[in-house]
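The values are calculated or read from the model by the stated rules, or taken from the named source; none is laboratory data. The model shown is predicted, which means the values in this text are computed figures rather than measured ones. So basically every Cβ, Gly included, is an ideal-geometry build from the backbone, and we count neighbours across all protein chains shown. Accessible surface is based on the protein model in full, side chains and every heavy atom, while ligands, DNA and RNA are left aside. Shrake-Rupley method; radii C 1.70, N 1.55, O 1.52, S 1.80 Å.
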Amino acid sequence: NLDMLLRRAMKANILEKTNYGYQFTHDKLQAAFQEMLEKNEKEEMHLKIGTNFLTKNGEIFKYLAALHLNSVTGSILNKFDKTLLAKTNLQAAKYCECRYGFVNAADFIRTGVALLGDGEQKWLTDF
């Protein structure tokens, strides 16, 4: 079960608990884990994690949701509401902007506009 696996990973110093969930204790551990996954497995994982963050309240969770959901492409992305994802990118951009992360904010805005298909006009009228 998942709880048992998480406890074992924490005991082995692979994962650590944070205020937002769990994270790898080292970037190289995360990279090694991701290397083991197929592309579709990675995207499914990002979809589940991002969707989970969307259910939580707070700016940080919208930012984290956008980070994960923006990693999803192709047929997996088609399962997701692109307007909701564009709004989540807007929230992530505002989160970055408040923290002087203007380059990241601009990236989230560009991603949100691209998700809307007819892009800039829809962004201007709906957001």
Check your understanding: Quick one: would you say residue 59 is exposed (fewer than 14 other Cβ atoms within 10 Å of the Cβ), of a type outside the set (A, V, I, L, M, F, W, C) and closer than 23 Å to residue 23 by Cβ?
Key -> no
Study note, to complete from the structure: Considering residues that are more than 13 Å from residue 21 (Cβ to Cβ), open to solvent by 70 Å² or more (accessible area, probe 1.4 Å) and outside any helix (DSSP H, G or I), the number found within the stretch 32-56 is 1
Check your understanding: Are any of the residues in the stretch 9-19 of a type outside the set (Asp, Glu), assigned to a helix (DSSP H, G or I) and open to solvent by less than 80 Å² (accessible area, probe 1.4 Å)?
Key -> yes
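Are any residues in the stretch 73-122 acidic (Asp, Glu) and closer than 20 Å to residue 52 by Cβ, and if so, which ones?
The initial filter retains those residues of the stretch 73-122 that are acidic (Asp, Glu), namely 81, 97, 107, 118, 120.
Hit for the stretch 73-122 is 81, nothing else.
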Review point. Within the stretch 20-31, restricting attention to residues that are outside any helix (DSSP H, G or I) and open to solvent by less than 70 Å² (accessible area, probe 1.4 Å), which residue is farthest from residue 106 (Cα to Cα)?
Key: 25
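From the list 78, 104, exactly one residue is surrounded by fewer than 16 Cβ atoms within 10 Å (Cβ to Cβ) and either touching a residue at least 24 places away in the same chain (Cβ under 8 Å) or of a type outside the set (Ser, Thr, Tyr) (or both). Which is it?
Exactly one of 78, 104 is surrounded by fewer than 16 Cβ atoms within 10 Å (Cβ to Cβ) and either touching a residue at least 24 places away in the same chain (Cβ under 8 Å) or of a type outside the set (Ser, Thr, Tyr) (or both), namely 78.
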